[in-house]
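Here's the structure we're looking at; comments come further down.
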Amino acid sequence: MTEIVSSSSPASVRPAVAKRDIGIKRRYAAERRFRAYGVAAILTGLFFLFVLLWTVISNGYTAFQQTTITLPIEFAEKVIDPKNERATKPTKLMTANYPLLVRDALVKALGIDPANRALVKKATEMVSASARTQLRDIVIANPSVIGTTVNVPLLAEGNIDSANKGQIDLKIDETKRKVNDQQIAWMKTLTDSGALTKDFNTGIFTFGASSRPEAAGIGVAALGSLYMMLIVLVLALPIGVAASIYLEEFAPKNRLTDLIEVNINNLAAVPSIVYGLLGLSIFINFAGMPRSAALVGGLVLTLMTLPTIIIATRAALKAVPPSIRAAALGLGASKMQTIFHHVLPLAMPGVLTGTIIGLAHALGETAPLLLIGMVAFVVDFPGSPMDPSTALPVQIYMWANEAERAFVERTSGAIIILLIFLVVMNLGAILLRRRFERRW
């Protein structure tokens, strides 16, 4: 509290009191400035986070919608199996001229003269080239459709999809856009008839890699990431917990264990690309494991995740009060019983939290996976961790390098899905800690 100096105080006291008051004011002003700097730093970080999320969401939410053109496809036998050989030669159904079926359906739906090749070509360009595979799969799954007419929703070509979503300015000159005026008129005709619709895009979750954006999805990448996370969980959790228990509870305190602890802490800060070089050298070049396999990716991410799990587990073990150990030993429990029956269960919330955070970190890694060849163009779903596959971050990286406009929304859409996975995993870690945490 500032002293009140009366006017009758000695003249020598007044300057000292005034100097002290000035010092207090300066400290208060410095404290206010520091708080202002802190608030400014937080607001700046939140601003850039908002800009990042807004950019990703605004560019990617349309990836969860897909334009389809529903056409009455006549599965003409003269086109698919003119010699009626499907019973003896099933491969004939694989090589039939399915694009011709799409062309004929479009010509009828739009009222185009089949002899006008230019218009027919423009019309067929509105439907994705993946329609051939879609019709082929329908026939192979159910050959009885041959000779019948079925309404089939076909994927619209990427530029038509972008135009229908409003991502292409249709008011500019026709020579400066990839959708011409005739196709725009046909789009309106198909929309008015209910053939051209915009539906939820399940394909982004179920399709594999494709050079056509409308037929590209994260299905293969998601399954590859799942395989890798299972491998990391199966290997990193028991090895990391066992190493932590030994170092914290059993290892003697000497220079060797101090060196091991220092190296574990250093490994947690090593750039992830170094683990990719290690995996390339040991697992692929030395052990001869297949490139672009989820098994190799899982082993590399296991090495990267182990330091995080060990550090978190040791911190959780240290947090258990020594009285728990003393009480268990005093009641006749062995060292092993004390650790595994009392200490480890009480430390499990911290162990699980560290494991989930380590898995979330591994899920978002790209650099080590690039070095072990997980950038392969994989269309088919991997049947096992030994089959070629890719991962979600790598799929995002590959789409980001594509030149077509429609891949921009696919890239942002995949980022949204990956962010959701990471948020869910981190929320799970927080909930587990709050649910099982004990305060001593």
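Annotations
- Residue 420 paired with residue 341, simple spin-label distance in nm, labels 7 Å along Cα-to-beta-carbon: 4.6
- Based on Cα contacts under 8 Å between residues 6+ apart, the range 203-274 shows a relative contact order of 15 percent.
- Helix 131-141 and the long axis of the chain differ in direction by around 80°, with both axes built from C-alpha atoms.
- Solvent-accessible heavy-atom area per residue, rounded to whole Å², over the range 378-417 at 1.4 Å: 40
- With an a/c value of 1.5 or above and a/b not larger than b/c for the gyration tensor axes a ≥ b ≥ c computed over the alpha-carbon atoms, the chain is described as oblate.
- Sum of -39500 (n - 2.57) over DSSP H runs of 4+, divided by residues of the chain (222 nm, nearest 500): -19000 deg cm²/dmol
- Crossing angle, helix 219-245 versus the chain [Cα axis fit, 0-90 degrees, rounded to tens]: 20
- As a calculated quantity, the FRET efficiency between residue 198 and residue 78 at R0 = 41 Å, using C-beta atoms, amounts to about 0.75.
- The mean sequence distance of close C-alpha pairs (under 8 Å, at least 6 residues apart), as a share of the length of the chain, puts its relative contact order at 18 percent.
- Between residue 265 and residue 150, residue separation times 0.36 nm minus the direct Cα-Cα distance comes to 35.1 nm.
- The residues of the range 118-257 have, on average, 48 Å² of accessible surface per residue, using a 1.4 Å probe with all protein chains present.
- Global geometry of the range 95-218, whether rounded, prolate or oblate, following the gyration tensor of its Cα atoms and the 1.5 cut on a/c: oblate
- Acute angle (nearest 10 degrees) that the helix 98-110 long axis makes with the longest principal axis of the chain, alpha-carbon atoms: 80
- Chymotrypsin sites (Phe, Trp or Tyr not before Pro) restricted to the range 365-438 and DSSP loop, no more than 16 other C-beta within 10 Å: 377
- Residues in the range 134-149 reached by a label modelled at residue 94 [backbone nitrogen below 14 Å; 7 Å Cα→Cβ]: 136-137, 140-141
- When the residues 431, 196 are ordered by accessible surface, computed with a 1.4 Å probe over the protein chains alone, the sequence from largest down reads 431, 196.
- Highest-first packing order for the peptide set 170-177, 334-341 is 334-341, 170-177, based on the mean count of other beta carbon atoms within 10 Å.
- Cα centroid separation, the range 286-322 to the range 109-170 (Å): 48
- Mean separation of Cα contacts under 8 Å, 6 or more apart, over the residue count of the range 309-363: relative contact order %: 53
- With 0.36 nm allotted per residue and the present C-alpha distance subtracted, the residue 400-residue 379 stretch has 5.8 nm of extension available.
- Contour excess over end-to-end distance, with Cα ends at residue 436 and residue 205 and 0.36 nm allotted per residue: 79.7 nm
- The listed peptides 216-226, 308-318, 143-153, ordered by packing as a protection proxy, come out as 216-226, 308-318, 143-153 (highest mean of other Cβ atoms within 10 Å first).
- The chain, accessible surface, carbon-and-sulfur percent (1.4 angstrom probe): 64
The values are calculated or read from the model by the stated rules, or taken from the named source; none is laboratory data. Just so it is clear, the model here is predicted, and its values are computed rather than measured. FYI the Cβ positions are ideal-geometry reconstructions off the backbone, even for glycines, and counts take in every protein chain you see. The accessibility values were calculated without ligands, DNA or RNA, using every heavy atom of the protein model including side chains. Shrake-Rupley method; radii C 1.70, N 1.55, O 1.52, S 1.80 Å.
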